[in-house]
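Undergrad: Sharing a structure with you now.
The values are calculated or read from the model by the stated rules, or taken from the named source; none is laboratory data. This structure is a prediction, so every number in the text was calculated from the model and none was measured. Please note: Cβ atoms are built from the backbone with ideal geometry, for glycine as well, and neighbour counts cover all protein chains shown. For the accessible areas, the whole protein counts, side chains as well, though only heavy atoms, and no ligand, DNA or RNA atoms are used. Shrake-Rupley method; radii C 1.70, N 1.55, O 1.52, S 1.80 Å.
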Amino acid sequence: MPPPGLSHPKELVSLFCSECEKAVCPRCAIGFHKSHDVTSIEEVYEHIKVKMDELKKKTESKIYNLKQSIVKIKNAEREVDVESLTAKRKIQEMTERCITYLKERELELIKQVNSRCNANEDVMKIQLTQIEENLTNLKEGQEFINGAFANWTEAEIVAIEDQMIEKLEELAQIETHKQTYPVSRTEFVEEGLAELNKVIHHLGDVIAEERVRQAISTLGLVSRENTHPGGLKTRASGEEVTAKE
């Protein structure tokens, strides 16, 4: 039921003045609003209700669309999280493989160093044995000569003069100065690091992981500088002893 009018409290508000855009009572309609366009308030109400229903349908459609958008965004967020975790895992796996390649290269280089070190040790052992043998021969030769002059007669010494001189001359031919530092030096040279950095910078972008492995495989160089190219020759056999690669 329409509320009472403000100007006529006892009258019910049952009409609507379109010009003043306000609800009025019948007495106001034939009074102040008699020249205005006045219609039934029920008619205006029905018109407003129809308009509100149309707007409500539009807003309900918007609400549905917005809710669907929220669902899609949440699904997209989950997909992004899954893709992010997958990408991170792949990056970690790739990094671990690169670290494995570096470790393999490290072991390979260390193996080269150990191999050359062992080769040098073998050479030094052979040379040490030769030096000790030469030292023993020199000492025995001296002891023989000293013992002969101390214990033999002059006639006995004269009788083996040629053999004694030949022995002393042979011992005098032993060269000791050439036996200093008779092995090769082993040195590590940092090579390929700049190229590897460049390759890693583009890893996963425009180059394949195999390219990184190839770059790592050439990283560093174990080089050897020969400091005694002539080797060491023994008096007995004349064999030349040098460090093997």
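Undergrad: If the cut-off is 16 Å between C-alpha atoms, which aspartates and glutamates fall inside it for Lys56, apart from same-chain ones fewer than 8 positions away?
TA: In chain and number order, the partners are Glu46.
Undergrad: How much of the accessible area of segment 67-166, probe 1.4 Å, is carbon plus sulfur, in whole percent? Write out the running numbers ahead of the final one.
TA: Working: 4450 of 7800 Å².
The computed percentage sits at 57.
Undergrad: Please report, in debye to the nearest 20, how large the charge dipole of segment 64-114 is about its Cα centre when each Lys and Arg carries +1 at its beta carbon and each Asp and Glu carries -1 there. Walk me through the intermediate numbers first.
TA: Values: 11 positive and 9 negative charges, 48 e Å.
Around 220 debye, computed over segment 64-114.
Undergrad: A follow-up question, please. So for segment 1-147, taking the charge dipole from beta-carbon charges (+1 Lys/Arg, -1 Asp/Glu), which of Leu109, His8, Leu135 sits furthest toward the positive end?
TA: Final value for the positive-end residue is His8.
Undergrad: When the dipole is taken about the Cα centre of segment 36-165, and only Lys, Arg (+1) and Asp, Glu (-1) are charged at their Cβ, what size is it in debye, to the nearest 20? Could the numbers behind the result be given before it?
TA: Numbers: 20 positive and 26 negative charges, 401 e Å.
I would put it at about 1920 debye.
Undergrad: Now a separate question. Around Ser14, with a cut-off of 12 angstrom between Cβ atoms, what is the net charge of the other residues, counting Lys and Arg +1 and Asp and Glu -1? Show your work: numbers first, answer last.
TA: Numbers: positive: Arg27; negative: Glu11, Glu42, Glu43.
Combined, the nearby Lys, Arg, Asp and Glu give -2.
Undergrad: Here's something else I'd like to know. Note down the relative contact order for segment 1-150 as a percent, whole number, built from C-alpha pairs under 8 angstrom at least six residues apart. The partial results should precede the final answer.
TA: Numbers: 70 pairs, mean separation 15.3, N = 150.
Relative contact order for segment 1-150 comes out at 10 percent.
Undergrad: Go through segment 149-156 residue by residue and turn each phi into a ³J(HN,Hα) via Karplus (6.51, -1.76, 1.60, θ = phi - 60°); whole Hz please, and just put x for glycine and proline.
TA: For segment 149-156, the Karplus-derived couplings read 5, 7, 10, 8, 7, 4, 5, 5 Hz, x marking Gly and Pro.
Undergrad: What net charge is computed for the residues neighbouring Asn146, neighbours being all others with C-beta under 14 Å from the C-beta of Asn146, Lys and Arg scored +1, Asp and Glu -1? Can you show the working numbers first?
TA: Numbers: positive: Lys139, Lys167; negative: Glu140, Glu143.
Computed value for this residue: 0.
Undergrad: Hey, what's segment 94-183 come to in accessible area per residue, 1.4 Å probe, Å²? Provide the component values of the computation, followed by the final result.
TA: Working: 6680 Å² over 90 residues.
Per-residue value: 74 Å².
Undergrad: Find out how many positive minus negative residues lie around Ile110, taking Lys and Arg as positive, Asp and Glu as negative, among other residues whose Cβ is under 13 Å from that of Ile110.
TA: For residues surrounding Ile110, the net value is +1.
Undergrad: Near Lys22, which lysines are there with a Cα under 22 Å away, not counting those fewer than 8 places off in the same chain?
TA: Partners within reach: Lys10, Lys34, Lys49, Lys51.
Undergrad: Need the C-alpha centroid separation for segment 19-35 versus segment 62-107, integer Å.
TA: 70
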